[in-house]
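The block underneath contains the structure these notes are about, expressed in structure tokens.
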Amino acid sequence: MSEAPPLLEVRELCTELRTASGPLLVVDRVSLRLERGQSLGLVGESGCGKTLTALSLMRLLPPQARVVSGQVLFGGRDLLALDERELRALRGDRIAMVFQEPMSALNPVLEVGDQVAEALRVHGRSRAEATRIALELLERVGVVPASDRFAAYPHQLSGGLRQRVLLAMAVACQPDLLITDEPTTALDPTLQAQVLELILELQRSSGLALLLISHDLGVVAQVCGRVAVLHAGQLVEEGTAEAIFARPRHPYTAALLEAARALHHRTSSDDELPAPPALPALRGAAELPSRWPPGCRFASRCHRADASCAAGSVELDEGTHRCRCRHPLAPAEPP
Ligand SMILES: Nc1ncnc2c1ncn2[C@@H]1O[C@H](COP(=O)(O)OP(=O)(O)OP(=O)(O)O)[C@@H](O)[C@H]1O
Ligand code: SF4
Ligand SMILES: [Mg+2]
């Protein structure tokens, strides 16, 4: 008997951006795999290509960007090969998305309850049924009392409540996959923790798979079972959250962790992130895509770099823990 395909399998995805100085490959052969009910965090610094990766999967890229090669298999079907009608049927129904800025995703002139109900109606529910389920969903995501909040307009709700409304809309049709891009970045730390808790609860209770995109390792550490690290458009490391956080192998991941831990220590007294191996904190800023070098793209900031790193392309090893580095940290290199 053949094995069921993973829920989401991204194979060698390449996305190009048109710029005044020519096309730039901003997503460079990214491969990801997400099983049903599992959670995968995609992390990396600003500009590394996280959002363009997510938009590529959903074919929602801005006009100046386009997928040039690769496959996005959802339950074995290539999303990149579907026509617009087939894709629309999957979006919102089997695959839901929540992005960073809730205000732009909500209609400012419609009551939030109606917006949740509409998400159900476009997928075949009657008006009465949709209203009843929308009320239940608002209650479930903490937009309470739902009977009062149903008729609120987006601007009458706080950022945290708006994000909860979006989550209610996202899970309304019981999707198999939820993609969230920086779902809590615009929120203050208390609300951030509450919304993350809600995402985790929805993921577990509804059995949906989660692709959570964040520049914040602390966010990913709280929610995800596996973590993929993106640097300059390329995946540089991927493994279980436990391995990535406790025993990172790629110098960039280790530096990111160290930087996150330093920030965490300044802002809190608890210890959610395990101590990474001692490394100098992330040095300098990431290069712009137009200046990515031909060899390892982290070489100019890496303390382990030697001439071989800049000389030619550095490929991702395959396996359960993947790493793109010529001189990775040893699996159990002591802190
Ligand atoms: N609409 C666009 N027009 C021009 N360049 C873009 C556009 N969207 C993204 N880019 C560029 O493509 C690269 C990848 O951007 P992307 O938004 O995917 O990064 P990101 O990892 O999501 O960053 P952030 O953490 O800031 O959201 C960046 O260099 C960015 O400046
Ligand atoms: S390939 Fe070389 S420069 Fe790149 S991360 Fe590894 S050691 Fe550093
Ligand atoms: Mg982004």
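The values are calculated or read from the model by the stated rules, or taken from the named source; none is laboratory data. Predicted model, so just to flag it, every value in this text is computed and none were measured. Please note: Cβ atoms are built from the backbone with ideal geometry, for glycine as well, and neighbour counts cover all protein chains shown.
Of the residues contained in the stretch 305-313, none is found to be under 20 Å from ILE244 (Cα atoms) and out of contact with any Lys or Arg (no Cβ under 6 Å at 6 or more places or on another chain). For the stretch 28-47, the criterion of being part of a strand (DSSP E or B) and more than 24 Å from GLN100 (Cα to Cα) is met by at least one residue.
What do you reckon, is LEU90 closer than 20 Å to ARG29 by Cα and surrounded by 16 or more Cβ atoms within 10 Å (Cβ to Cβ)?
no
Within this structure, LEU167 fails the test of being farther than 21 Å from MET58 by Cβ, hydrophobic (A, V, I, L, M, F, W, C), more than 16 Å from ligand 1 (Cβ to nearest atom) and modelled with pLDDT of 90 or more.
When the stretch 220-243 is filtered for residues that are over 24 Å from VAL195 (Cβ atoms) and among the hydrophobic types (A, V, I, L, M, F, W, C), the ones remaining, listed by number, are ALA232, LEU235, VAL236, ALA243. Selection within the stretch 65-79: residues that are more than 13 Å from ARG94 (Cα to Cα) and surrounded by fewer than 18 Cβ atoms within 10 Å (Cβ to Cβ). The member of this set that is farthest from ligand 2 (Cβ to nearest atom) is GLY76. Candidates are the residues of the stretch 285-306 that are in contact with a helix residue (DSSP H, G or I) (Cβ under 8 Å, 6 or more places away or on another chain) and not in a loop (DSSP other than H, G, I, E, B); the one that is farthest from ligand 2 (Cβ to nearest atom) is ARG301.
Tally up the residues in the stretch 1-27 that are of a type outside the set (Val, Ile, Thr) and in a strand (DSSP E or B), please.
Looking only at that region, the number is 13.
Within the stretch 32-46, the residues that satisfy the criterion of being touching a strand residue (DSSP E or B) at 6+ places or on another chain (Cβ under 9 Å) and either aliphatic (A, V, I, L, M) or within 16 Å of ligand 3 (Cβ to nearest atom) (or both) are LEU32, LEU34, LEU40, GLY41, LEU42, VAL43, GLY44, GLU45. Remark: pairs (first residue in the stretch 2-23, exposed (fewer than 11 other Cβ atoms within 10 Å of the Cβ) and at pLDDT 95 or above; second residue outside any strand (DSSP E or B) and not hydroxyl-bearing (Ser, Thr, Tyr); Cβ separation under 9 Å; 6+ apart in sequence or on different chains) are absent.
Which residue out of PRO108, PRO62 is within 16 Å of ligand 3 (Cβ to nearest atom), exposed (fewer than 15 other Cβ atoms within 10 Å of the Cβ) and more than 26 Å from GLU201 (Cα to Cα)?
Every option except PRO62 fails the conditions.
When the residues of the stretch 217-246 are filtered to those that are buried (at least 21 other Cβ atoms within 10 Å of the Cβ) and among the charged types (D, E, K, R), the one that is nearest to the chain's Cα centre (by Cα) is ARG226. Exactly one residue out of LEU138, LEU177 is at pLDDT 90 or above, surrounded by 20 or more Cβ atoms within 10 Å (Cβ to Cβ) and farther than 19 Å from ILE95 by Cβ, and it is LEU138.
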